[in-house]
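The values are calculated or read from the model by the stated rules, or taken from the named source; none is laboratory data. The model shown is predicted, which means the values in this text are computed figures rather than measured ones. Positions of Cβ are generated from backbone atoms using ideal geometry, with glycine treated the same way; all protein chains shown enter the neighbour counts.
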Amino acid sequence: MPYRRDIGTQPEGPREITSDTPSQPPTDSYADPLETDVLIVGAGFGGVYLLHRLRDELGFKCKIFEAGKELGGIWHWNCYPGARVDTQVPIYEYSMEKVWKDWTWREKYPNFQELREYFDHVDKVLDIKKDVAFDTRVVAAHFDKPSAKWIIKTEDGRTAYARYFLLATGFAAKRHFPDWPGLDSFKGEMHHSSFWPEEGVDMKGKRVAVIGTGSTGVQLAQESAKQAKSVTVFQRTPNLALPMRQRKLDHKEQMDAKGQYPQIFKDRMKTFAGFSYDFAEKNTFDDSPEEREKFYESLWEAGGFQFWLATYKDMLFDMDANQEAYNFWLKKTRARITDPVKRDILAPLEKPHAFGVKRPSLEQDYYEMMDRPENEVVDVKATPIKEVKENGILTEDGKFREFDIIALATGFDSVTGGMKNMGLKDVDGVDLSKKWEMGTWSYLGMSCSGYPNMFFLYGAQGPTAFSNGPSCVEVQGEWIVDAMKKLRDEGIKYIDPLRESEEYWRKNVTEISDKTLFPTANSWYMGANIPGKPREQLNYAGGIPLYEKECRESLNNSFKGFVTA
């Protein structure tokens, strides 16, 4: 089975049209040409939020182009075993009362099926789908100065004209595939995690290889090990994973708590990462060793990201403080692994990087599953993959392992990849992929010079990867909505950030990051997971409150940093 056909290339590549492909609904969202005030790309959290706010509350005519067949963004595409969100609810949902008042969850950390149900509920409440064109991928877009409109082309040849062009493609819109020799020769089943078959994959009695140990790899391996004959994880860098503390949720418990929701959603925007907790107002060595142990233990038992984002405020800034956190993580994790070889690979005595500068995964029983004798963990830094053959994988040490299924959890060209892959051209005809070839430039993490009336969210140089998704979407979405209302009220035809504003913002993003330990690791935060990609901080590391303050200063000072006409 040729791997390219099997793993697919959506949303960034063409899709095969078959007799099973549903026909497009007869709505004006598919009109050719399409004339609209606002064209949004992406129907995940960001796109749906923007559509509702602009259409229903401000009266703009809005349409969404979505490459998939349903709402949900990443939760439409992700259906691999174990796929679930790593933020607890109700933090991971919209703050709109009309949406949350009648909705309850089954689990503290919902899986992809429940998140799809949530988006169905959102559609029932907000009536989103009537203004969405599904199976629609943007392949070219440029701003036409004479008409002051964006001209957008789709893969199937349609054209749209819009005054405003909003990108809500998310930070994981372009898949990354490894370039190992022989990858297309494998005769078994091979699937990228983000293009897993909807009908699932039968792993019973099968030998499964999981390539990668990011959050997806951990989830995949953890669940696959419950049914497969064996699971072999190919690990480049150990995931310093944290206990999720998953639990079932009671309907009455949630309904009784609804009165607190407005305050919960208000409070999440006051924290660094948009969660329900924040860093402690003390440094690591302010506490005695006994006090520190007790504090770490409380965070560990609470679960989730609290050991990462509710810990001492110097943990991500001071290497000695960071070492204390790693020592505790190491003690707790190694105690769960009986195999001494696996223990040293999964939880090495010498930390592979500063704790927390790569996003930890939340796991439920990952270490216990990998500790089983039938499963294996291969350190591909010590023994790299040499070649993929038709029935397995050969490593540099000469060992050949046979597999029936290969799961590619090799991640994404994150944060910038999706926008660079849409054929976006500036007013001079230069493609964004060319402009960002040697580094990323934006203003406020929401606009680009030379792209008038174009805004984006949950992307480059915003709080994106350092935040809860809905929190980031709402802080940026509110700014975009308020900016567009101001433009309309003041009769401004178009808005475009100055090049020097981009230089300022890039410098700002870099300087904030350089005060932390984030640049010390080769992570996807720094663009280091993609060969040839510039190494730079791709996210705003100053936290949501400071980010919102900086963005509001521009808006409240007559669009400071922008040129308007």
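List of remarks:
- Flag if Gly439 is on the phi > 0 side of the Ramachandran plot and more than 21 Å from the chain's Cα centre (by Cα): no
- Test for Arg359: is it part of a loop (DSSP other than H, G, I, E, B), under 28 Å from Arg84 (Cα atoms) and modelled with pLDDT under 95: yes
Let's see how each residue does on (1) under 24 Å from the mean Cα position of the chain (by Cα); (2) without any contact (Cβ under 8 Å) to a residue 12 or more places away in the chain; (3) more than 29 Å from Glu402 (Cβ to Cβ):
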| site | (1), (2), (3) |
| --- | --- |
| Pro289 | no, yes, yes |
| Tyr296 | no, no, yes |
| Leu299 | no, no, yes |
| Thr338 | no, no, no |
| Glu363 | yes, no, no |
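- Filtered residues of segment 304-344 (kept if of a type in the set (Val, Ile, Thr), in a helix (DSSP H, G or I) and within 26 Å of Val85 (Cα to Cα)): Thr333
Conditions tested, residue by residue: (1) surrounded by 17 or more Cβ atoms within 10 Å (Cβ to Cβ); (2) out of contact with any Asp or Glu (no Cβ under 9 Å at 6 or more places or on another chain); (3) modelled with pLDDT under 95.
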residue: Ser298; (1), (2), (3): no, yes, no
residue: Gln306; (1), (2), (3): yes, yes, no
residue: Leu309; (1), (2), (3): yes, no, no
residue: Asn322; (1), (2), (3): yes, no, no
residue: Ala335; (1), (2), (3): no, yes, no
residue: Glu363; (1), (2), (3): yes, yes, no
residue: Tyr367; (1), (2), (3): yes, yes, no
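- Each residue in segment 64-77 was checked for being surrounded by fewer than 23 Cβ atoms within 10 Å (Cβ to Cβ) and either without any contact (Cβ under 8 Å) to a residue 40 or more places away in the chain or within 19 Å of Ser361 (Cα to Cα) (or both), and 1 of them qualify.
- Phe455 in a strand (DSSP E or B), of a type outside the set (A, V, I, L, M) and either outside the structural domain of Thr271 (by TED's automatic domain parsing) or closer than 26 Å to Ile152 by Cα (or both): yes
- Residue match in segment 53-72 (condition: touching a Cys at 6+ places or on another chain (Cβ under 6 Å) and assigned by TED's automatic domain parsing to the domain that holds Trp150): yes
- First in segment 308-327 and more than 15 Å from Ile512 (Cα to Cα), second anywhere and hydroxyl-bearing (Ser, Thr, Tyr), Cβ under 7 Å, 6 or more apart: Leu309/Tyr277; Ala310/Tyr277; Tyr312/Thr284; Met315/Thr284; Ala321/Thr284; Ala321/Tyr312; Glu324/Thr284; Ala325/Thr311
- Some residue of segment 182-203 being under 30 Å from Ala565 (Cβ atoms) and not aromatic (Phe, Trp, Tyr): no
- Unique residue being in contact with a Cys (Cβ under 6 Å, 6 or more places away or on another chain), aromatic (Phe, Trp, Tyr), assigned to a helix (DSSP H, G or I) and surrounded by 15 or more Cβ atoms within 10 Å (Cβ to Cβ) when the list is Trp505, Trp479: Trp479
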